[in-house]
Each structure stands twice: as C-alpha cells, then as structure tokens.
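Trainee: Structure provided below as structure tokens; questions to follow.
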Amino acid sequence: MDEIALISKIQRMLKESYQQIGDAMIAGTVDNMEKYKYMMGQAHAYYKTSQDISALLKKKEQHEQGTVIKFDTGELKE
C-alpha cells in the first residue's frame, strides 16, 4: 500500500469516527455533561487531525506541481 492510499484511509477513518460521535450525540446517548465534554473533545481531535493532514497534503501537492512563480527582477528595457 503506498503512502497516499494509507493517508487517505486514515483520513476516511477519522471522518467516520467524527460522524459516529455526532450521530451518537444526536441520538441522545449523552446523559451527563462529563460525557458530553469528552465526546466533544474526541470530535474536535478527529476533526483537527483530519484538517492538518489535508493541509499537509495540499502543501506537498503545491510543492510538487511547482506552483511557485518567479518574477524577473531586472530593469525594464525600452
């Protein structure tokens, strides 16, 4: 399994876990504030990790595509 496939699988798992927490909260499984805070902390961690991975992949993609534009610093010639 190559790195990109592995990273994609990890991201998919993070998103599924995030969704499961949301579904559980909507279904009413939270019966006290401590459990609510714990689940919110988990959801935040899954979301943040997924976003960080996306940002890293985006930076790598931009670096590999050579999207840096270099401007000539010479003087204008008439």
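Bear in mind that the values in this text are calculations on the coordinates, not laboratory data. For clarity, every value in this text was computed on a predicted model and none was experimentally measured. Counting neighbours? That spans all protein chains shown, and the Cβs are built from the backbone with ideal geometry, glycine included.
Trainee: Using alpha-carbon positions, what is the distance between the centroids of region 19-40 and region 1-17, in Å?
Mentor: A separation of 24 Å, based on Cα centres.
Trainee: If packing is taken as the average count of other Cβ atoms within 10 Å, what order do 32-40, 15-23 fall into, highest mean first?
Mentor: Values: 32-40: 11.6, 15-23: 14.2.
So the peptides 32-40, 15-23, ranked by packing, come out 15-23, 32-40.
Trainee: Give, in nm to one decimal, the length gained when the segment between Ile26 and Glu3 is fully stretched (0.36 nm per residue of separation minus the Cα-Cα distance). Show your work: numbers first, answer last.
Mentor: Working: separation 23, 0.36 × 23 = 8.28 nm, distance 3.47 nm.
Stretched out fully, the Ile26 to Glu3 stretch lengthens by 4.8 nm.
Trainee: On full extension of the chain, what length is gained from Ile53 through Ile10, given 0.36 nm per residue of separation minus the C-alpha to C-alpha distance?
Mentor: Separation in residues times 0.36 nm, less the Cα-Cα distance, equals 14.5 nm.
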